[in-house]
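Following: one structure in structure tokens, then a few remarks.
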Amino acid sequence: MASSTGEASNDKEVGSDLRKKREDFEFGKILGEGSYSTVLLATDKVSKKLYAMKILSKHHIVKEKKVPYVKREKDVLVKINHPFFVKLFFTFQDKENLYYGLSLAEKGEILDYIRRVGSFDEHGSQFYSAEIILALEYLHSLDIIHRDLKPENILLNNEMHIQITDFGTAKILEDGEERANSFVGTAEYVSPELLQSKVAYKSSDIWALGCILYQLLSGRPPFHAPNEYLCFQKITKLEYMFPDGFPDHAKDLISKILILAPDKRIGCEQMGGYQPLKTHKFYTGIDWAKLPETQPPQILPYLPAKSKDDQALTSDYNIMNDRPLSDDFDERFLSAFGLGDPDNPLKSSSSASITSNRETKLERQAKESPWHQFVNNELIVKSGLVDKRKGLFSKRRQLILTDAPRLYYVDPVAMELKGEIPWNHRMHVELKNWRIFFVHTPDRTYYLDDPTGHSQQWVNTITEWIERARSS
Ligand code: ADE
């Protein structure tokens, strides 16, 4: 696999390299920030090679008692030589800082991609979890436990292969040692043995893999809670469920990984090592030996049908002519929520006529619309309930389009503003079927389901306002 820096792995020069110094590099944007380090894009002024330069403040490290972690990270990075991990090319220091010259993972965190598309389709989830498995198999063969594997630490290089990073909390097992006394990693991916006995095994990383695979397919980690305490409680009670539409083979695999006893998880040494994991039905078709050279699949969202009258959204089949709901359902639905006409004061007007009588309309809106409080005194052009899908989960929201134009969404039960689809001149709207429409923004696609079956109206109105905003 081509390295982003253009250096072959055997060129790797590790150790304190007196020839390199801060002045040899031009520093660019911040790639990442940790509690005691910053990663900057760095260009070698002579060779023009790009690196991710991790800079650690000596004063800060000593003050925060992080010296062992910093040493650990270097010790681990020096040992690793595998295409699915970031490489350490050189280190140097000056009076203030330590510098680690790492391979640049141009495409950033896999977490960003999960957020952008909601969740990965089966093929993408299979491919990326398979890469993680190969990486863990290698790491564990060196007797190293990562201990903080999570989507933020799984970066992607220019070819869209994984590059696992962040070894500050990794543990190198001594001769014959099977477990590490442990620090506790990130709440949602932490294993039950870490919480209960404060020990980590290699299979604690496999637990994290199970959580990540679940998240790739559904958009959320399995043990998701409003705070760490509740999250830990869910983990120790193995309290998780598979949402509708979760693929069967993946379900089977995840339920063989997310097992409380670390020595009963598929993939662990006591269960026959990596072979049973790699030959699980979910990985049918994966050529493990060729994975680093395999072209990664395009990242596509996983949007299976949610009910029997709902089409799988990835299909191109359009069911616009097959409306099971009567035309007046929208009205009845809205009035059941006490939301009649004032909610859509401009329903029958074209955007051209909206500016006329704006003040009068605003006055009426302020008096009559329950949504007025959320829209910064902008005029509501259209509003209605939608299910906002993220991966396999969805939340009911009041979607509100104003003449700013802006698109707000509100929790209609708590009557709380939950957020906004950031308006952007490059955004566009796509009609999928009579219920489903997508709002594509440069950073993310929003999957929206109008349960009343009037997605076409949303698409028309939002498109009209996008064009209007573009031409003004
Ligand atoms: N952020 C942290 N480490 C990184 C790396 N090696 N490449 C790109 N972004 C990063």
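The values are calculated or read from the model by the stated rules, or taken from the named source; none is laboratory data. Treat the numbers as computed from the prediction; the structure is a model and nothing was measured. In this analysis, Cβ positions are derived from the backbone assuming ideal geometry, glycine residues included, and neighbour counts consider all displayed protein chains. Note: areas computed on protein heavy atoms with side chains; ligands, DNA, RNA excluded. Shrake-Rupley method; radii C 1.70, N 1.55, O 1.52, S 1.80 Å.
Quick one: which of SER35, SER57 is open to solvent by less than 80 Å² (accessible area, probe 1.4 Å), among the polar types (S, T, N, Q), away from the ligand (no atom under 13 Å from the Cβ) and not assigned by TED's automatic domain parsing to the domain that holds HIS146?
After ruling out the rest, the residue left standing is SER57.
Within the range 263-284, does at least one residue satisfy the condition of being touching a strand residue (DSSP E or B) at 6+ places or on another chain (Cβ under 9 Å) and either of a type outside the set (Phe, Trp, Tyr) or modelled with pLDDT under 95 (or both)? For the range 263-284, residues touching a strand residue (DSSP E or B) at 6+ places or on another chain (Cβ under 9 Å) and either of a type outside the set (Phe, Trp, Tyr) or modelled with pLDDT under 95 (or both): absent.
Candidates HIS123, HIS146: the one that is in contact with a strand residue (DSSP E or B) (Cβ under 9 Å, 6 or more places away or on another chain) and either in the same structural domain as LEU50 (by TED's automatic domain parsing) or away from the ligand (no atom under 13 Å from the Cβ) (or both) is HIS146.
Scanning the range 134-157 finds no residues that are at positive phi and of a type in the set (Gly, Ala, Ser). Do we find that VAL86 is assigned by TED's automatic domain parsing to the domain that holds ASP166, touching a residue at least 24 places away in the same chain (Cβ under 8 Å) and in contact with a strand residue (DSSP E or B) (Cβ under 7 Å, 6 or more places away or on another chain) in this structure? No; evaluated as a whole, the condition is false for this residue.
Taking the criterion of being at positive phi and within 14 Å of the ligand (Cβ to nearest atom), would at least one residue in the range 95-109 satisfy it?
Looking through the range 95-109, at least one residue is at positive phi and within 14 Å of the ligand (Cβ to nearest atom).
For the range 210-229, the criterion of being more than 18 Å from GLU188 (Cα to Cα) and surrounded by fewer than 18 Cβ atoms within 10 Å (Cβ to Cβ) is satisfied by no residue at all. For LEU77, the test of being open to solvent by 30 Å² or more (accessible area, probe 1.4 Å) and within 16 Å of the ligand (Cβ to nearest atom) is failed. Which of the residues that make up the range 120-139 are open to solvent by less than 10 Å² (accessible area, probe 1.4 Å) and in contact (Cβ under 8 Å) with a residue 60 or more places away in the chain? Of everything in the range 120-139, those that are open to solvent by less than 10 Å² (accessible area, probe 1.4 Å) and in contact (Cβ under 8 Å) with a residue 60 or more places away in the chain turn out to be PHE120, GLY124, SER125, PHE127, TYR128, SER129, ALA130, GLU131, ILE132, ILE133, LEU136, LEU139.
For beta carbons closer than 6 Å, sequence separation of 6+ or different chains, a first residue in the range 368-396 that is in a helix (DSSP H, G or I) and a second that is open to solvent by 30 Å² or more (accessible area, probe 1.4 Å), the qualifying pairs are GLU368/PRO342; HIS372/ALA366; PHE374/LEU417. Considering VAL70, VAL117, the condition of being more than 16 Å from the ligand (Cβ to nearest atom), surrounded by fewer than 22 Cβ atoms within 10 Å (Cβ to Cβ) and of a type in the set (A, V, I, L, M, F, W, C) is satisfied by VAL117 alone. The residue pairs whose first member lies in the range 410-421 and is in contact (Cβ under 8 Å) with a residue 60 or more places away in the chain, whose second member is open to solvent by less than 80 Å² (accessible area, probe 1.4 Å) and in a strand (DSSP E or B), and whose beta carbons are closer than 6 Å, counting only pairs six or more residues apart or on different chains, are PRO412/GLN398.
Of all the residues in the range 93-112, those that are surrounded by 19 or more Cβ atoms within 10 Å (Cβ to Cβ) and either under 30 Å from ASP244 (Cβ atoms) or in contact with a Gly (Cβ under 9 Å, 6 or more places away or on another chain) (or both) number 2.
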